[in-house]
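Only one structure is covered here, and it is reproduced in the block below.
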Amino acid sequence: MGFFDIPDLGSPLFDSPLHLSKVKGDKLFDYVRNSDRVKFNIFTANDPSQDDCVDPQYTNEDLEIAGPREKIFFDPGKCTCAIVTCGGLCPGLNNVIRSIVFELFYHYKITNILGIRYGFAGLNPAKGHEPVQLTPAYVDYIHDLGGSVLGSSRGAPDVAVMVDELERLGVDILFSVGGDGTQRGNYDIYKEITRRGKKIAVVGIPKTIDNDIHLIEKSFGFETAVTKATEAIRCAHMEARGAYNGVGLVKLMGRDSGYIAAYASVAINEVNFVLIPEVPFDLYGDNGFLETLRKRLEARHHAVIVVSEGAGQQYFKDYVEYDSSGNKLHGDIGILLNSEIKKYMKDKGVEVSVKYFDPSYIIRSVPATAGDSVFCNSLARNAVHAGMAGKTGLLIGWRKTVFVHIPLDKVVNIRKMINPEGGFWFSVLEATGQPNSMTNQ
């Protein structure tokens, strides 16, 4: 198999019920062929500064394009599908659920669609979370709501228990919606199914407001989170401008990747400092953040600071805790900065008024924006096409304006991060005017 080749359950023998075209140029949508590919890296110089997703080992690799196939593996009249949403809440979860159900029911004529309750916990019979039967009527209006109509949770039961439950329920295709932790669990499920020799397709759909899933350019929920985050930043800016030496401090989600903070700051263009996990900074010293902030206040008498939750973790070396998905929890950088700014400015004899904003859960619990809704719909429908074709152990991804299939083993155990030498981070520096470095080295 090639580097990005997708596993399958066997030869697809059934004709697709979609009745699409096989003729180029007839102005009708054509079936996608497995030979239809897109280059992973479009940059001729393989310059990683141009793309946070570039890795030299992928220079000559290509990806299978997602979409409906002419032949499918599962008989629609006998197929049972299941949907599970895992991890933290995220805008667009209900959109994805609804679009999967609509595609299965109306286009593939599949009526047995199960909703697994409360994440992977719903695949543990001991929890007592019986699945719900999903129908178009059940999901008709859920896209207007935030959260997940199925509920969600972090962590996972023993993988053998989950696969036993999938077998008991007669599931043929499992659609797992979640971030990096979910896709790790999804990959474990796929491996156990493969070990048992069962014909169950496992298809992942990328969900994370942090936008930190490896190899893909965008995950659903991110656009909505950025849009909502700008509202908090706008309020912080007004608070900062409304006081002499006013400081608006906003902490946003971003455990290991600062995409929300960076994108929201560029979008609103009223932020003076963006602190993210990927770019180190010192608090103290002549070139440190606090002294740089003092100089900003001396010159302009107001400042807006946006910080990712995972930034500055060197100041919490003794804080070691993990959530149920195995993600390392972070010390609260927002509270630390709030305290240290006041203390430092007092020691320097500088009057300051700090207003602290922490909208973390607000930005992940709202309904999806129109742009995210469109993206959710496309991810969901392409996931259904992949599953029905018998493809398994894959994630539906987005690269270079194309929906593609990415093997699960290529996205687990590594996160996408902002490249400090990249063009996007340079745009953040230009938008904020902050120094290229706030370290003393």
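The values are calculated or read from the model by the stated rules, or taken from the named source; none is laboratory data. This structure is a prediction, so every number in the text was calculated from the model and none was measured. Backbone-built Cβ (ideal geometry, glycine too); neighbour counts: all protein chains shown.
So is Lys342 at negative phi, modelled with pLDDT of 95 or more and loosely packed, with under 14 Cβ neighbours inside 10 Å or not? Walk me through it before giving the result.
Numbers: at negative phi: yes; modelled with pLDDT of 95 or more: yes; loosely packed, with under 14 Cβ neighbours inside 10 Å: no.
Criteria not met by Lys342.
Using the structure shown, decide if Lys199 is surrounded by fewer than 17 Cβ atoms within 10 Å (Cβ to Cβ), under 26 Å from Ser99 (Cβ atoms) and outside the structural domain of Ala299 (by TED's automatic domain parsing).
Details: surrounded by fewer than 17 Cβ atoms within 10 Å (Cβ to Cβ): yes; under 26 Å from Ser99 (Cβ atoms): yes; outside the structural domain of Ala299 (by TED's automatic domain parsing): yes.
Here the answer is yes, as Lys199 does meet what is asked.
Per the listing Leu114, Leu150, the residue uniquely in contact with a strand residue (DSSP E or B) (Cβ under 9 Å, 6 or more places away or on another chain), in contact (Cβ under 8 Å) with a residue 12 or more places away in the chain and surrounded by fewer than 24 Cβ atoms within 10 Å (Cβ to Cβ) is Leu114.
Taken over region 40-73, the criterion of being hydrophobic (A, V, I, L, M, F, W, C), surrounded by fewer than 23 Cβ atoms within 10 Å (Cβ to Cβ) and at pLDDT 95 or above is satisfied by Ile65, Ile72. Pairs linking a residue in region 383-407 that is on the phi < 0 side of the Ramachandran plot and of a type in the set (S, T, N, Q) to a residue that is surrounded by 24 or more Cβ atoms within 10 Å (Cβ to Cβ) and assigned to a strand (DSSP E or B), with Cβ atoms under 9 Å and 6 or more positions apart or on different chains, are Thr392/Ile173; Thr392/Ala201; Thr392/Val202; Thr392/Val203. Within region 269-286, does at least one residue satisfy the condition of being under 20 Å from His237 (Cβ atoms), part of a helix (DSSP H, G or I) and without any contact (Cβ under 8 Å) to a residue 40 or more places away in the chain? No - not one qualifying residue is present in region 269-286.
Can you find even one residue in region 74-94 that is out of contact with any Lys or Arg (no Cβ under 9 Å at 6 or more places or on another chain), at pLDDT 95 or above, assigned by TED's automatic domain parsing to the domain that holds Leu18 and hydroxyl-bearing (Ser, Thr, Tyr)? Looking through region 74-94, at least one residue is out of contact with any Lys or Arg (no Cβ under 9 Å at 6 or more places or on another chain), at pLDDT 95 or above, assigned by TED's automatic domain parsing to the domain that holds Leu18 and hydroxyl-bearing (Ser, Thr, Tyr). Looking across region 131-141, just one residue is assigned to a helix (DSSP H, G or I), hydrophobic (A, V, I, L, M, F, W, C) and either surrounded by fewer than 19 Cβ atoms within 10 Å (Cβ to Cβ) or out of contact with any helix residue (DSSP H, G or I) (no Cβ under 6 Å at 6 or more places or on another chain) (or both), and that is Ala137. Within region 58-95, the set of residues being more than 25 Å from Arg37 (Cα to Cα) and part of a helix (DSSP H, G or I) comprises Pro76, Gly77, Lys78, Leu93, Asn94, Asn95. Do we have any residue at all in region 339-359 that's assigned by TED's automatic domain parsing to the domain that holds Phe316, part of a strand (DSSP E or B) and aliphatic (A, V, I, L, M)? Looking through region 339-359, at least one residue is assigned by TED's automatic domain parsing to the domain that holds Phe316, part of a strand (DSSP E or B) and aliphatic (A, V, I, L, M).
Among the residues of region 127-147, which ones are among the aliphatic types (A, V, I, L, M) and without any contact (Cβ under 8 Å) to a residue 12 or more places away in the chain?
Residue satisfying the conditions is Ala137 alone.
State whether one or more residues within region 184-203 are in contact with a His (Cβ under 9 Å, 6 or more places away or on another chain) and among the charged types (D, E, K, R). Checked against the condition, which is being in contact with a His (Cβ under 9 Å, 6 or more places away or on another chain) and among the charged types (D, E, K, R), region 184-203 yields no hits at all.
Test Val374 against the stated conditions and say whether it is outside any helix (DSSP H, G or I) and closer than 27 Å to Leu104 by Cβ.
no
Does region 123-130 include one or more residues that are surrounded by fewer than 23 Cβ atoms within 10 Å (Cβ to Cβ), on the phi > 0 side of the Ramachandran plot, assigned to a loop (DSSP other than H, G, I, E, B) and in contact with a strand residue (DSSP E or B) (Cβ under 9 Å, 6 or more places away or on another chain)? Checked region 123-130: no residue is surrounded by fewer than 23 Cβ atoms within 10 Å (Cβ to Cβ), on the phi > 0 side of the Ramachandran plot, assigned to a loop (DSSP other than H, G, I, E, B) and in contact with a strand residue (DSSP E or B) (Cβ under 9 Å, 6 or more places away or on another chain). Of all residues in region 423-441, those satisfying the criterion of being assigned to a loop (DSSP other than H, G, I, E, B) and either farther than 15 Å from Ile268 by Cα or touching a Cys at 6+ places or on another chain (Cβ under 8 Å) (or both) are Gln434, Pro435, Asn436, Ser437, Thr439, Asn440, Gln441.
Does Glu103 count as of a type outside the set (Phe, Trp, Tyr), within 24 Å of Arg196 (Cα to Cα) and either touching a residue at least 60 places away in the same chain (Cβ under 8 Å) or surrounded by fewer than 19 Cβ atoms within 10 Å (Cβ to Cβ) (or both)?
Details: of a type outside the set (Phe, Trp, Tyr): yes; within 24 Å of Arg196 (Cα to Cα): no; either touching a residue at least 60 places away in the same chain (Cβ under 8 Å) or surrounded by fewer than 19 Cβ atoms within 10 Å (Cβ to Cβ) (or both): yes.
For Glu103, the condition - of a type outside the set (Phe, Trp, Tyr), within 24 Å of Arg196 (Cα to Cα) and either touching a residue at least 60 places away in the same chain (Cβ under 8 Å) or surrounded by fewer than 19 Cβ atoms within 10 Å (Cβ to Cβ) (or both) - is not met.
Restricting Ala267, Ala225, Ala240 to those that are out of contact with any Pro (no Cβ under 9 Å at 6 or more places or on another chain) and buried (at least 22 other Cβ atoms within 10 Å of the Cβ) reduces the list to Ala240.
Can you pull out the residues in region 215-248 that are aliphatic (A, V, I, L, M) and within 17 Å of Ala267 (Cα to Cα)?
Residues of region 215-248 aliphatic (A, V, I, L, M): 215-216, 225-226, 229, 232-233, 236, 238, 240, 243, 247.
Scanning region 215-248 gives Ala225, Val226, Ala229, Ala232, Ile233, Ala236, Met238.
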